[in-house]
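One structure below.
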Amino acid sequence: MDFFRRIHFVKISHLGYSNQGDIICSPYVYFQDFFSKYGCILHSMDSIYFSEIGRNDVVILGGGGLLDFQTRFNATIQKLCESCDTVIFWGGGHNGEYDEKNKRPTHLEPNIDINRFALCGVRDYGLDGYEYTPCASSANPLLKFAQEKNPTKKICTMFHNKGYTDALQNNFENKSHYHNIEDVINFIANHEIVITESYHCALWATLANRKVIMPKEILKSVKYNYLRYKPTFLPFKEILEIQETDNLSDLPNYPLAYEESFSEVYSFMKKVKEVVTSKIPTPQLGYIDFYERHRLGEIIQRCDVLLDANSKLRAELSAAELKIKELEAGKIQ
């Protein structure tokens, strides 16, 4: 029935995962005022409830580095497209090796056919054959706060890879993105220059109008090759030589990056709304109430079945215990 069509959000992270880039890149975080009118189910790439997804539902997949990251991710995306007629890919990107010879991402099998998506926007800027849309986390209002705040310190690092952190030997204050998002953005806001190997830390620092330096070696991974606002890429050995007193005024920054990206995220949202409203009737309050009652009814019914089974097992257990006592009594005689 049309009234029971739902929206499924599939994000890269699972419950308990602490990488803030993956946690807050889902569009659901930023447009709950619209999506909360519908029946929504949240999934992670490692735990998708395919039995809950109807062919006439809508699936919104993204963001994060989902494409060509692992064969199992590609297989999962393919299965989603086979399970539902309306799958939207929103702000995710390629996340494998970069083919330097052909200047393209290295694709894994099964190869993802983007024509299967009802709407597709990737975070990889300038990639032929794909429509660009920024990561939905570009609409985070905390970035506007960070952009407007005057930094009190010059240089910080945002590394989580142990090889990098050990080599740096605490040259600068460091915070990874495995922290509360407010702490992460506030840390960026307090510094003029951010040195990082993290995709999202680089993105957020850029949107906050901070100067960004990244190790040149990470360009082997495709996702860094398609950043819209290019950071300064330096060999890591040169990064180790950076001093607080160095003149780094020539490093590029992008004052309009946040406004441009924010606008583009909302433009893509308009397209998503058109797809959703064409596929799912706008729910009324009565429907939402009925839907919730229906779900609660299912839970109660399942509990009744379990209680009934439990009662039967207890009765069988009591009968067995009685039989044992009777047998033991017979043995004693």
statement: Cβ pairs under 7 Å, 6+ apart or interchain, first in the stretch 199-226 and on the phi > 0 side of the Ramachandran plot, second surrounded by fewer than 20 Cβ atoms within 10 Å (Cβ to Cβ), ordered by first then second residue, are Asn209/Gln147; Asn209/Asn253; Asn209/Tyr254; Asn209/Pro255
message: What are the pairs with Cβ atoms under 6 angstrom where one residue, in the stretch 96-117, is under 12 Å from Tyr130 (Cβ atoms) and the other, located anywhere, is open to solvent by 80 Å² or more (accessible area, probe 1.4 Å)? Sequence gap at least six, or different chains.
response: none
task: Might you let me know whether the stretch 82-94 holds any residue that is more than 16 Å from the chain's Cα centre (by Cα), in contact (Cβ under 8 Å) with a residue 24 or more places away in the chain and more than 24 Å from Tyr49 (Cβ to Cβ)?
output: no
- prompt: What do you reckon, is Ile185 in contact (Cβ under 8 Å) with a residue 24 or more places away in the chain and more than 27 Å from Pro105 (Cα to Cα)?
  reply: yes
message: Considering only residues that are surrounded by fewer than 15 Cβ atoms within 10 Å (Cβ to Cβ) and of a type in the set (A, V, I, L, M, F, W, C), which ones fall in the stretch 50-79?
response: Phe50, Ala75
query: How about the stretch 253-280: which of its residues are open to solvent by 50 Å² or more (accessible area, probe 1.4 Å) and not charged (D, E, K, R)?
result: Asn253, Tyr254, Pro255, Leu256, Phe262, Ser263, Tyr266, Ser267, Thr277, Ser278
field: Candidates Ser278, Ser261, filtered to the one that is in contact with a Ser or Thr (Cβ under 6 Å, 6 or more places away or on another chain) and in a helix (DSSP H, G or I)
entry: Ser261
- request: Mind listing whichever residues of the stretch 32-43 are open to solvent by less than 10 Å² (accessible area, probe 1.4 Å) and at pLDDT 90 or above?
  value: Phe35, His43
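The values are calculated or read from the model by the stated rules, or taken from the named source; none is laboratory data. Bear in mind that the values here come from a model prediction, so they are computed numbers and not experimental data. Note that we place each Cβ from the backbone using ideal geometry, even for glycine, and neighbour counts take in every protein chain shown. Surface accessibility is based on the protein's heavy atoms, side chains included, excluding ligands, DNA and RNA. Shrake-Rupley method; radii C 1.70, N 1.55, O 1.52, S 1.80 Å.
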